[in-house]
Amino acid sequence: MKKELITELFQKFEDACYDLDGLECWSARELQEILGYKDWRNFTNTIQKAAKSCENSGEDVKNHFVGVNKMVKLGSGSEREVQDVALTRYACYLVAQNGDPAKPEIAFAQTYFAVQTRKQELIEQRLLDIARVNARGKLSKSEKKLSGIIYERGVDNRSFAVIRSEGDKALFGGRTTQFMKQKLGIPSSRPLADFLPTLMIKAKDFATELTSHNVVDKDLMGDRAISKEHVDNNKEVRSILLKRGVKPEELPPAEDVKKVQRRIDNTEKKILKEIKKDKK
């Protein structure tokens, strides 16, 4: 494909993009012309195939293929309202995948939307990674805060470890920390929270913060009273999760949070390297 055609098509796709209630979309009518389809009826067949592919992938079709009306100019200069479809970037990718690859426009579209969709996926994954690392850091701070509070109330580090363990047992429905580590394939020397999904990290954090608050508010002293408080709080958090259909002990393990942090750090280095290149 000639460079001139690539530049032309790239600009056409960029110009055709518009905002629909904060969502990046393309008009199927405009896409029809860009992709070299003369007949709207033939193009709608391709759209229907793309919608079916969307459904088969487990996505909600209505989130990616939105029926709208559009005003088009007639030869006489007047306007007529016609049916159109607002397509998300993912929908456009599926349309291209179901088009005729012999058409240079389709071949370009397949690459264009695949690359752009991949960029969006990478951004979304990075945001999820950052959220998980931040949640883990927050839990560490909450546990350190609780440790400091109860240390002044007659609880040493060894007893604090037991209290945390009892809290895990309450959160996971009677299953001990060690049992959950074995179940999830976590090394015994590593913290359970390093391999928990973000939801469970935040659940543990919430229960820990509740304990810190109530220990001070209720002026609790000693191992027994503080341990009971922590167990009760974890049971309450578990109850909320169960009501929402989440069984903590049945959730699969997540990627080692240390690996996630390394991935974030490496990405940061690459970004900084690219910025330095651009400045030269």
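On C-alpha positions alone, give me the angle between the axis of helix 104-151 and the longest principal axis of the chain, in degrees, nearest 10.
The answer is roughly 10 degrees.
Within 11 Å, Cβ to Cβ, of Glu249, how many net charges do the neighbouring residues add up to if Lys/Arg are +1 and Asp/Glu are -1?
Spelling it out: positives minus negatives among the neighbours equals +3.
Using only the alpha-carbon atoms, how far is helix 222-243 inclined from the longest principal axis of the chain? Give it as 0 to 90 degrees, nearest 10.
Compared with the principal axis, the helix lies near 30 degrees.
Given that compact globular proteins tend to follow 2.2 N^0.38 Å, what is the ratio of the alpha-carbon Rg of the stretch 109-204 to that value?
1.48
Taking N as the number of residues in the stretch 126-258, what is its Cα Rg relative to 2.2 N^0.38 Å?
For the stretch 126-258, the normalised Cα radius of gyration is 1.01.
Among Asn234, Asn134, Asn69, which one shows the highest mean-square fluctuation when the chain is modelled as a Gaussian network with alpha-carbon springs under 10 Å?
Of the options given, Asn69 has the highest mean-square fluctuation.
Could you state the angle between the C-alpha long axis of helix 40-56 and the longest principal axis of the C-alpha atoms of the chain, as a value from 0 to 90 degrees rounded to the nearest 10?
Result, in degrees: 20.
Can you pull a Stokes-Einstein diffusion coefficient for the stretch 211-257 at 25 °C (0.890 mPa s), Rh from Kirkwood over Cα pairs, as a whole number of µm²/s?
Answer from the Stokes-Einstein relation: 196 µm²/s.
Using only alpha-carbon positions, what ratio does the radius of gyration of the chain give when scaled by 2.2 N^0.38 Å?
Taking the Cα Rg and dividing by 2.2 N^0.38 Å, one obtains 1.46.
Name the trypsin sites (Lys or Arg not before Pro) in the stretch 1-95 that are in a loop by DSSP and that have at most 12 other C-beta atoms within 10 Å, would you?
Lys2, Lys38
Readers should treat all values here as calculations from the given coordinates under stated rules, not as data from a laboratory. Because the structure is predicted, anything quoted here is derived from the model rather than measured. Positions of Cβ are generated from backbone atoms using ideal geometry, with glycine treated the same way; all protein chains shown enter the neighbour counts.
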